[in-house]
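Contents: one structure, followed by commentary.
All of the numbers you see were taken from the coordinates with simple rules; none came from a lab. Not measured: the values here are computed from a predicted model. Here the Cβ positions follow ideal geometry from the backbone for every residue, glycine too, while neighbour counts run over all protein chains shown.
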Amino acid sequence: MSERSERRSPRESGPRLDQPRELRGRFFPEMAVDNETFGVIAEKFARFMGTAKFLAYMTIFIIVWILINAIALFGLRWDPYPFILLNLFFSTQASYAAPLILLAQNRQDDRDRVALEQDRNRDERNLADTEFLTREVASLRLGLRDTATRDFVRGELRNLLDEMEERGMIAPVAPEETKPRRKKDKPAN
């Protein structure tokens, strides 16, 4: 084989499966349909078909249809016993109901996907905030370890007072005078 025949371009080897086909002429003219409006209608229809009210209406409709056509009520009999027209009606209803229900499910899946993405983004933000707050709390704990406590400051002040007394810088202070005064304890005049 020649090297040229081994390296054929994709166009020479036929249609590629990884790329969409080019559009050909259409048999029917393209209709302008608002997908959002149609989707909302499909969802309402799918929701209604899933209710007890729909089943009750459908049951009443079938009973009336069969009664009228079976006993020729009011002299009407447009669909005799095998009820072929009723079967055709049900087939037509099913052929429209299934795609509408699927469309409603697809729209719900899209909403669920968006909600899931929003939940994932919110969870990531919450995780980042939690990690940030954890680091802040850890840094505060480290900072508090270096912070002087009240007892430490009092001890250092006592040591300074003792040192100043030893050097003679101040007069000795009686132990009772070092106690903090309360509001009740007023100095004697």
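Electrostatic bookkeeping for residue 164 treats Lys and Arg as +1 and Asp and Glu as -1; over the other residues with beta carbon under 13 Å from its beta carbon, the sum is -3. Applying 1/(1 + (r/R0)^6) with R0 = 25 Å to the Cβ-Cβ distance of residue 65 and residue 102 gives a FRET efficiency near 0.35.
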